[in-house]
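The values are calculated or read from the model by the stated rules, or taken from the named source; none is laboratory data. These figures come from a predicted structure and were not determined experimentally. Here the Cβ positions follow ideal geometry from the backbone for every residue, glycine too, while neighbour counts run over all protein chains shown. With ligands, DNA and RNA removed, areas are computed over all heavy atoms of the protein, side chains included. Shrake-Rupley method; radii C 1.70, N 1.55, O 1.52, S 1.80 Å.
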Amino acid sequence: MQGIEDKMGKWFEEAVFYHMYPIGMIGAPARNEQEETVHRFEELKEWLPHVASLGCTAVYIGPLFESTTHGYDTKDYKKVDRRLGDNKDFKAFVKIAHDLGIRIVVDGVFNHTGREFFAFQDIIKNREQSPYCSWYKGINFGWNSPYNDGFGYEAWRNCFELVNLNYWEPKVREYILDVIGFWIDEFDIDGIRLDCADCLEFSFMEEMRRYVDARKEDFWLMGEVIHGDYSRYISPDKLNSVTNYELHKGLYSGHNDHNYFEIAHTIRREFDQNGGIYRGMKLYSFVDNHDVDRIASKLNVQGHIYPVHTLLFTLPGIPSIYYGSEFGVQGRKEGGNDAPLRPKIDLQKIKEDMPDKKLYEWICTLGKIHKQQKALSEGMYQELLLTNRQYAFARILGEEGVLVAVNNDEQEAELCVRVPASGKMYTSLLSGEEIREENGMLRIRLKPNESEIAAFK
């Protein structure tokens, strides 16, 4: 297969991501209490050919830093979590991925550290005399913490195992930039997903941008941002992309309510060429991840999982598949417990006894189409037809493009879709058949939960 060294340009603009939560997917212990290193990256390596077979060109994997429990309570930023393996194991993992043409993006947990991180432990030991008191927000020796430390501190969302770093302290910025440089130099990673990016200082993002640009060409910075104005974070001097939680919500609720108007309104608001607030930006699209209920558990009508994924791969954005969801794996949060979202999966076993082979094959088809049709990553969006239960649009790139139509109804539907460009040949990318234009319209018949994807030129 084509290796990384042969690829040119901004790879992330055309990427399809595969999201790995490694501690869960290989069944590592919930607490990092063993002294020895367990080399579970051998199992993770086996996933890479599968990722490539889906048409994915990048992996977002994390958290990876040595931590105490779920991975976001960092203990050591320069060591791979011993429950997964060691630094040598991860270096080999990246090399195999690059040989398969797959980029690697890791989780950057930089808003907070765990309580076992050396700087926080030094404060516990030396109190006011610790040189690290300024590394954290809200250190106050007149208060106390729920852990009875004899001092208080600011924690992420009052989860006191996660201690907020203070980015107005220059030494914190210097330390984290050194960590980023270490992961680039040691492992040759291709990007970082910034955990809790909405909590980080914009001035630090700008400093990070300058640092990585000088270190590695086309290094991707993506931020986890749930609410607010995504455009505040995306610019040439800050981040390349952020998580599109707004579209995520629309994709499942628009199907649950049989209301394609919700999805279309979101896309118009975000990407319309005449006023879309994020037009020209590449947001990171997903239907589920390690923090939200799996899409197979979220949909009221199981058949909707097919048009949901069609829209994920064809609407504006950088699509991402969460590990196991290509097989229809289910999972819901149990109160504050995220473990059901992050199950162990035996890859060989689930492929031999696939619960939903049709879904797996459909995602493979979508991945192949996305890779072949440049309009799906770069094309302008144009809405063509919209009802509660049927939706059609085009992605147009120059004189060519892709037309997409979906049906969320329980009944067969016949769509009369106006053509995005007259006088073109419209060819189904699914059946290979020509769809003939009649008086500026295309007649498309869709079964329940079926999609049509056609190229035109």
> Which net charge results for the neighbourhood of Ile305, defined as the other residues with beta-carbon distances under 10 angstrom from its beta-carbon, given Lys and Arg at +1 and Asp and Glu at -1?
Replying inline: +1
> What are the residues whose amide H is under 5 Å from the amide H of Val16, where those residues sit 5 or more places off or on another chain and H is modelled from the backbone?
Replying inline: Thr57, Ala58
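Roughly what % of DSSP beta bridges within the chain run antiparallel, to the nearest 5? Each step should come with its number before you reach the end.
Numbers: 44 of 70 bridges.
Taking every DSSP beta bridge within the chain, about 65 percent pair in antiparallel fashion.
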> How much area per residue is accessible in the chain when the probe is 1.4 Å and only protein heavy atoms are counted (Å²)?
Replying inline: 41
> Quick one: net charge of His255's neighbours, Cβ under 15 Å, K/R +1, D/E -1?
Replying inline: -3
> When the distances between all Cα atoms of the stretch 241-347 are binned every 10 Å from zero, what whole-number percent does each bin get?
Replying inline: 15, 46, 30, 9, 1
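Defining a contact as two alpha carbons under 8 Å apart and six or more residues distant in sequence, what relative contact order in percent does the chain show? It would help to have the intermediate numbers written out before the result.
On the way: 927 pairs, mean separation 57.4, N = 457.
That works out to 13 percent.
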>> Give me, ordered by chain and number, the residues 5 or more places off Tyr136 or on other chains with an amide H under 5 Å from its own placed amide H.
In response: Asn166
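Per residue, how much space in cubic angstrom lies within the convex hull of the C-alpha atoms of the stretch 130-203?
Working: hull volume 8.9 nm³, N = 74.
Convex hull of Cα atoms, per residue: 121 Å³.
Ordered by packing density, taken as the mean number of other Cβ atoms within 10 Å over each peptide's residues, highest first, how do 430-441, 51-62, 155-166, 78-89 rank? Write down the numbers at each step before the final one.
Values: 430-441: 11.9, 51-62: 22.6, 155-166: 17.5, 78-89: 19.2.
Result, highest mean first: 51-62, 78-89, 155-166, 430-441.
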> Can you list the residues, at least 5 places off or on another chain, whose amide H is less than 5 Å from the amide H of Tyr284, using H built in the peptide plane?
Replying inline: Val242, Thr243, Asn244, Ile318
> At what distance in angstrom do the alpha carbon centres of the stretch 306-324 and the stretch 168-245 lie from each other?
Replying inline: 24
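Evaluate the Kirkwood expression for the hydrodynamic radius of the chain, namely the inverse of the mean inverse distance over all pairs of different C-alpha atoms, and round to one decimal in Å.
On the way: mean 1/r = 0.0430 Å⁻¹.
The answer is 23.3 Å.
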> Using 12 Å as the cut-off for backbone N distance, which residues of the stretch 350-389 belong to the label zone defined by a point 7 Å from the Cα of His50 along Cα→Cβ?
Replying inline: 350-355
> Excluding Gln411 itself, what net charge comes from residues whose Cβ is under 10 Å from its Cβ, given Lys and Arg +1 and Asp and Glu -1?
Replying inline: -1
> Carbon and sulfur atoms: what percent of the 1.4 Å accessible area of the chain do they account for?
Replying inline: 46
>> Which three extents, in angstrom, do the Cα atoms of the stretch 17-62 have along their principal axes, listed largest first?
In response: 38, 16, 12
> Over 18 Å between Cα atoms, which of Lys45/Lys91; Lys78/Lys125; Lys298/Lys333; Lys10/Lys95; Lys351/Lys374 qualify?
Replying inline: Lys78/Lys125; Lys10/Lys95; Lys351/Lys374
> About its Cα centre, how strong a charge dipole does the stretch 4-90 have in debye, to the nearest 20, once Lys and Arg get +1 and Asp and Glu get -1 at the Cβ?
Replying inline: 140
>> Taking the Cα of Gln121, stepping 7 Å toward and past its beta carbon, and measuring to each backbone N in the stretch 168-187: which are under 15 Å?
In response: none
